[in-house]
Amino acid sequence: MDYFLSEEQIMIRDLCRQIAEERIKPVRAELDEKEEFPREIMKALAQADLYGLIIPEQYGGLGGGCLENCIAVEELSRACVGVSTSFAASFLGAYPILLFGSEDQKSRYLSQIATGEQMAAFALTESAAGSDAGAIQTQAKLVGGEYILNGSKQWITNGGEAGIYSVIAITDRSKGPRGASAFIVEAGDPGFSTGKKEVKMGIRASTTAELIFHDCRIPKDRLIGREGLGFVVAMRTFDKSRPGVGAQAVGLAQGALDEAAAFARTRKQFDKPIINFQAVAHMLADMATKIEAGRALVYSVARYMDSGAKDISKVSAMAKLFPTDMAMDVTTQAVQVLGGHGYMRDYPVEKMMRDAKVLQIYEGTNQIQRNVIGQELNKEYGRRD
Amino acid sequence: MKIIVCLKQVPDTAHVKLDPVTHTLKREGVAAIINPFDLFALEAALRLREQVGGAIHVLSMGPPQAAEAIKEAIGYGVDEGLLLSDRAFAGADTWATTAALAAGVRRMGGADLIICGKQAVDGDTAQVGPGLAMRLGLPQVAFVKGWREVAAGHLVVERQMDDGVDVVRLPLPGLITVVREVGEPRPPSLKGKMRAKKYEVPMAGAAVLGLTEAQVGLAGSFTQVVEVFAPQASGQRQMIEAPAQEAGRLVVDYLVRDQIIRLGS
């Protein structure tokens, strides 16, 4: 399929494909096995300017949009979603600053993120506040010229690896969801530390850790936007980032199809390559068709968002929901095509199947995506009455 | 620090074959790439620039299409390039090549450090780096695998030898040739590639460089390649039938006898 990408977008795709083939594929199994953060690869991505992809040019980035991000993330994910998660999480941490930060915050932090000098992370989830983000307990109190943060965040991608954290905390409990605010916390801030590092089913090259705030003092100019804007910041951030998760799913599923199709062409049973059995060929046909549908959706939504559209919540949720469910299905089928081989660690598809699961869970479970889409439908059809 | 990296565009040797009739390299349909060892030279230059700042220029000699190699280097974040291109340069051996490259270095205003790959994968002579240093009257260290010290007036480098590593102090300006251990080449950068797309590679011919036709190309060469041929495959084979350990030892004996490998002391 030709998606009529610009010369620049093709350049991004080819460069990411080169890095994926040369740097990521040879080490992905080892990174997964050892649950090791891919520092060398992150450095190569920084040298390739990829951390600047969506950062505006005035802050040292390339000024790309959602589609450029999706193209890059898709290619990296084709080789390893653990690596692409580590990479993409830096943009997730950057979005609150990019969307709502002051000029000072942007020039100070975005420039460091663009060069890859610092990675970023986004911290919302807590032990008792997952899908119900309004239940967060972490507090920020303004005392003199400082905010003092207390509480802990759970399952934070890049926790401990990032230098810059966008953190959502409650500033006024009496106001409910309007009482949350977003802050920038730096790795060296007093009272800030990382706790438990999680052991995961998949995306094991990425780091997932607990963040602990114990009388963590930050200057008051670290507030993003204004007090009470925390959930707006979080929701707008997710609106922007969700197609990127869809792109991860498309890349992952494509990687699984690559493996399954190549295997089916060479694996012989009953004296012929198994791709010549209709049962197998039809599985591959369905996989390929679903991947193309997922890619078409992600690219269309990304282009729509880049056009400056405001009503993006529904389509952004769709661009996460469909491809991630698709990737779970396709990677499962890939394991099936490889049969016993697919179940063994000698082949990459079992890792792909493990990696796929989290895509249906993080950045809003797929049930939450359906809620978002359902609410938007309700509003849309309500307006017609 | 101003660094000049010398690059050669070569056929992608992973895919090159000899024409069995003419014994020449079959270049049709074979992609041209930057000599892989020169990518190590480029990586060394990029690391030095990160460490002490400065500028990197790349220099190449070749047909007009070798400008692609310079553009590719721009994609890695190199500052400027120069391609020496002239019909008169054709057929140059390493002697005539260094004459042109030395003139190119002078035209670029010289450098604190010149870095070359240890050899090109098509000619495999490993002479151009040292020859260029001789032409320019510069001190040189070949087979450099890294450096311990970078100062304004000198470099302390590690030279890879068969039996160990020499640590050598190289006064600057000087020239090094590098081996693969100097560091894995990084991927190109997006900003670099975008700049490369628009970059117009400056070119210089013999006249501009102040060289006569007698000094360069085939006319300026002391050696001529008379014939290139692939070694005949004899088709002979010998099976070693012995228990694994003993078979291994026998294989080593054969390889040593035929001087394919040498055992360390």
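Taken together, the values in this text are just the output of simple stated rules run on the coordinates, not laboratory data. The model shown is predicted, which means the values in this text are computed figures rather than measured ones. Neighbour counts are summed over all protein chains in view; Cβ atoms, including those assigned to glycine, are modelled from backbone coordinates with ideal geometry.
Worth pointing out:
- Considering only A:V143, A:V337, A:V315, the Gaussian network model of chain A with Cα springs below 10 Å gives its largest mean-square fluctuation to A:V143.
- Among the listed pairs B:K118/B:K197; A:K34/A:K200; A:K141/A:K220; A:K320/B:K191; A:K153/A:K200; A:K153/A:K310, those beyond 20 Å (Cα-Cα): B:K118/B:K197; A:K320/B:K191; A:K153/A:K310
- This ranking places B:F229, A:F183 by how few other beta-carbon atoms lie within 10 Å of each, fewest first, which gives B:F229, A:F183.
- Most fluctuating residue given options A:M11, A:M353, A:M328, as computed from a GNM of chain A linking Cα atoms under 10 Å: A:M11
- Amide H partners (placed H, <5 Å) of B:V178, local residues excluded: B:C116, B:G117, B:K118, B:F143, B:V144
- Label-to-label distance, nm, for residues given as A:E186 and B:R107 (7 Å Cα→Cβ offset): 4.9 nm
- Only helical runs count toward this figure. For the protein assembly as shown, summing -39,500 (n - 2.57) over DSSP H runs of n ≥ 4 and dividing by all residues gives -13500 deg cm²/dmol at 222 nm.
- Among B:S221, A:S166, a tally of other beta-carbon atoms within 10 Å of each Cβ gives an order, fewest to most, of B:S221, A:S166.
- Region B:2-209: C-alpha gyration tensor shape, a/c 1.5 cut-off, then a/b vs b/c: rounded
- Working note: Karplus 6.51/-1.76/1.60 with θ = phi - 60° gives region A:347-358 the couplings 10, x, 6, 5, 5, 4, 5, 5, 5, 4, 4, 5 Hz, where Gly and Pro are set to x.
- Region B:54-151 - convex hull of alpha carbons, volume per residue in Å³: 119 Å³
- Sequence-distant lysines (8 or more away, or on other chains) whose Cα lies within less than 20 Å of B:K26: B:K8, B:K17
- Spatial separation of Cα centroids for region A:237-292 and region B:97-124, in angstrom: 49 Å
- Gaussian network model of chain A, Cα within-10 Å springs - most flexible of A:R236, A:R13, A:R226: A:R226
- Euclidean distance between Cα centres, region A:190-234 to region A:1-50, Å: 26 Å
- The angle separating the long axis of helix A:66-79 from the principal Cα axis of greatest extent in chain A is about 50 degrees.
- Spacing of the two label points (7 Å from each Cα toward its C-beta) at B:D12 and A:S193, in nm: 5.3 nm
- Helix A:366-384 axis versus longest C-alpha principal axis of chain A: approximately 70°, rounded to the nearest ten.
- Chain B: DSSP helices with Cα axial extent of at least 18 Å and average Kyte-Doolittle hydropathy no lower than -1.0: B:36-52, B:94-107, B:244-257
- Förster radius 60 Å - calculated FRET efficiency between A:K268 and A:D311, Cβ distance, rounded to 0.05: 0.70
- Whole-Hz Karplus values for region B:6-19 come out as 8, 10, 10, 8, 10, x, 5, 5, 5, 10, 8, 9, 8, 6 Hz, taken residue by residue from phi with 6.51 cos²θ - 1.76 cosθ + 1.60 and θ = phi - 60°; glycine and proline positions read x.
- Backbone phi angles across region A:262-274, fed through the Karplus curve with coefficients 6.51, -1.76 and 1.60 (θ = phi - 60°), yield HN-Hα couplings of 5, 5, 5, 6, 9, 6, 9, 9, 6, 6, 8, x, 5 Hz in residue order; Gly and Pro are listed as x.
- A straight line joining the Cα centroids of region B:131-199 and region A:92-163 runs 42 Å.
- Residues whose placed amide H lies under 5 Å from that of A:T194, excluding near-sequence neighbours: A:I212
- Cα-based convex hull, region A:121-229, per residue volume (Å³, whole number): 93 Å³
- Rounded if a/c under 1.5, otherwise prolate or oblate - region A:81-183, Cα gyration tensor axes: oblate
- Prolate/oblate/rounded label for the protein assembly as shown (Cα gyration tensor, a/c 1.5): prolate
- Counting beta carbons within 10 Å around each of A:T138, A:T266 and listing the fewest first gives the order A:T266, A:T138.
- Seen from A:F231, the other residues with C-beta closer than 11 Å to its C-beta sum to a net charge of +3, counting Lys and Arg as +1 and Asp and Glu as -1.
- A simple spin-label model places pseudo-atoms 7 Å from Cα toward Cβ; at A:D172 and B:R47 they are separated by 5.6 nm.
- Rounded to the nearest 10 degrees, the angle from helix A:313-338 to the longest Cα principal axis of chain A is 40 degrees.
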